[in-house]
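Q: Can you read through this structure? Questions will come right after.
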Amino acid sequence: MPDLQTIVADIHRELSPRFGEGRLPDYIPQLARVAPDRFGLAVVTVDGAVHLAGDADAAFSIQSISKVFTLTIALGKHGDAIWKRVGREPSGSAFNSIVQLEREEGIPRNPFINAGAIAISDLLLAGHPPKEAIGEILRFVRYLADEEEIVIDGEVARSEAATGYRNAALANFMRSFDRLIHPVEHVLGVYFHQCAIAMSRQLARAGLYLAAGGTNPLTGHRVVSPQRARRINALMLTCGHYDGSGDFAYHVGLPGKSGVGGGILAIAPGKASIAVWSPGLNDVGNSALGTIALEMLAARTGWSVFGA
Ligand code: GLU
């Protein structure tokens, strides 16, 4: 295998004629304003080597990738009790689908579809006003990445709140089944702000605990137990790309979580944490070129969890 820096640089160069492919998510106006031809790739290995290409230093909206971090906090606070509120099965439906939720009486299929993440935001509000819950999430992400500069993009949060009719519908629907404890506006406030966290290559560092059995090998922070890290990875593999999760496992073979900001966090257990960003999305709402870049990376490194 060529060295990792060469692989990362080659992927960037080979994909450059395609930069700009895919569609921007116009249902969040602020995200539709991002230059579509941006592309960044950051690979941080468990021994601390960092390999970057393209716009790896540009901050992007992590959107649903935040759901990995809120799930981690919720598991830390409430343990297995969270599985009374959300399931652990892939949905096979779009990220914002409401149909399944009615059939399953307000219990979302998994913590990574929007309804599931909204239920997790409700859990994080226990004992806190919304501002504190949001502050706690931001502090946790800074702690994971070991970077104090990470911020929430207030414009993105406001933009989504102004047009988040679907998410408001999901939250109200769950409330109608008595599945949310806190006021819908508070829950959505937490959810929209966690989605609006902006990160660059910092995201790869933040995911490192999942690549290294629950402990960030660079800082020594023990974030979760090895068993919990394994289980979060399992959920990312089966549910991290909405109804594109099967295809992502087939082509890439790594636990991953996508966001409509065009970012993907992928974990190569025992090896590395990877962040890729390219804003254009494919038909199921995952980064079009980001997915292809990860497929190339997994093929060239032999990192697929299903074998080299
Ligand atoms: N904030 C987005 C939404 O709720 C997140 C979706 C995503 O990133 O996939 O619609």
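The values are calculated or read from the model by the stated rules, or taken from the named source; none is laboratory data. This one's a predicted model, so the numbers in the text were calculated from it and none came from an experiment. When we count neighbours, we look across all protein chains shown, and the Cβ atoms used for this are built from the backbone with ideal geometry, even at glycine. The accessibility values were calculated without ligands, DNA or RNA, using every heavy atom of the protein model including side chains. Shrake-Rupley method; radii C 1.70, N 1.55, O 1.52, S 1.80 Å.
Q: What is the sum of charges around residue 8, taking Lys and Arg as +1, Asp and Glu as -1, for the other residues whose C-beta is under 15 Å from the C-beta of residue 8?
A: Details: positive: 13, 201, 271, 300; negative: 3, 10, 14, 55, 57, 295.
Result for the neighbourhood of residue 8: -2.
Q: Further question on the same structure: How long is the chain along each principal axis, judged by its Cα atoms, biggest number first, in Å?
A: 55, 39, 36
Q: Direction-averaged shadow area of the convex hull around the Cα atoms of the range 132-182, nm²?
A: Average of the hull's projected areas for the range 132-182 equals 4.7 nm².
Q: Once both axes come from the Cα atoms, what is the angle between helix 66-78 and the longest principal axis of the chain, in degrees from 0 to 90, rounded to 10?
A: The two axes meet at around 60 degrees.
Q: Over all directions, what mean area does the Cα convex hull of the range 33-101 project, stated in square nanometres? Could you put the intermediate results ahead of the total?
A: Working: hull surface 31.3 nm².
Answer in nm², one decimal: 7.8.
Q: Could you give the C-alpha radius of gyration of the range 100-247 expressed as a fraction of 2.2 N^0.38 Å, taking N as the number of residues it contains?
A: Normalised Rg, Cα atoms only: 1.09.
Q: Highest mean first, what order results for 2-15, 62-75 on Cβ atoms within 10 Å?
A: Descending mean neighbour count gives 62-75, 2-15.
Q: What residues of the range 24-59 lie in the reach of a label at residue 146, counting those whose backbone N is under 19 Å from a point 7 Å from the Cα along Cα→Cβ?
A: 42-52, 57
Q: For the residue pair residue 230 and residue 104, what label-to-label distance in nm results when each label sits 7 Å from Cα along the Cα-to-beta-carbon direction?
A: Output for this residue pair reads 2.4 nm.
Q: Determine, for each peptide in 268-275, 141-148, the mean count of other beta carbons within 10 angstrom over its residues, then list the peptides with the highest first. Before the final figure, lay out each step's value.
A: Working: 268-275: 22.9, 141-148: 17.8.
Ranking the peptides 268-275, 141-148 by packing returns 268-275, 141-148.
Q: Taking only Cα atoms of the range 161-273, what ratio of Rg to Rh do you get with Rh as the Kirkwood inverse-distance radius? Don't jump to the answer; show the numbers that get you there.
A: Values: Rg = 16.3 Å, Rh = 15.8 Å.
Rg divided by Rh gives 1.03.
Q: Something else now. Just the number please: accessible area per residue for the chain, 1.4 Å probe, all protein chains included, in Å².
A: It amounts to 39 Å² per residue over the chain.
Q: Another question, then. Output the 0 to 90 degree angle, nearest 10, between the alpha-carbon long axis of helix 154-163 and the longest principal axis computed from the alpha carbons of the chain.
A: Rounded to the nearest ten degrees, it is 50.
Q: Another question, if that's okay. Grab the DSSP H runs of the chain that are 4 residues or longer, score each as -39,500 (n - 2.57), total them, divide by all residues and round the 222 nm result to the nearest 500 deg cm²/dmol. Spell out each step's value before the answer.
A: Working: 13 runs with 135 residues, N = 308.
Here the helix-only value at 222 nm equals -13000 deg cm²/dmol.
Q: How large is the convex hull of the C-alpha atoms of the range 53-136 per residue, in Å³? Write out the running numbers ahead of the final one.
A: Numbers: hull volume 11.1 nm³, N = 84.
Hull volume over Cα atoms, normalised by residue count, gives 133 Å³.
Q: Would you mind telling me the share, in percent, of accessible area of the range 249-288 contributed by carbon and sulfur at probe 1.4 angstrom?
A: So the carbon and sulfur contribution to the accessible surface is 53 percent.
Q: Another question, if that's okay. Which whole-Hz couplings ³J(HN,Hα) result when phi for each residue of the range 14-20 is put into the Karplus expression 6.51 cos²θ - 1.76 cosθ + 1.60, θ = phi - 60°, listed in order with x for Gly and Pro?
A: Per residue, the Karplus-derived 3J(HN,Hα) values read 5, 8, 4, x, 9, 3, x Hz.
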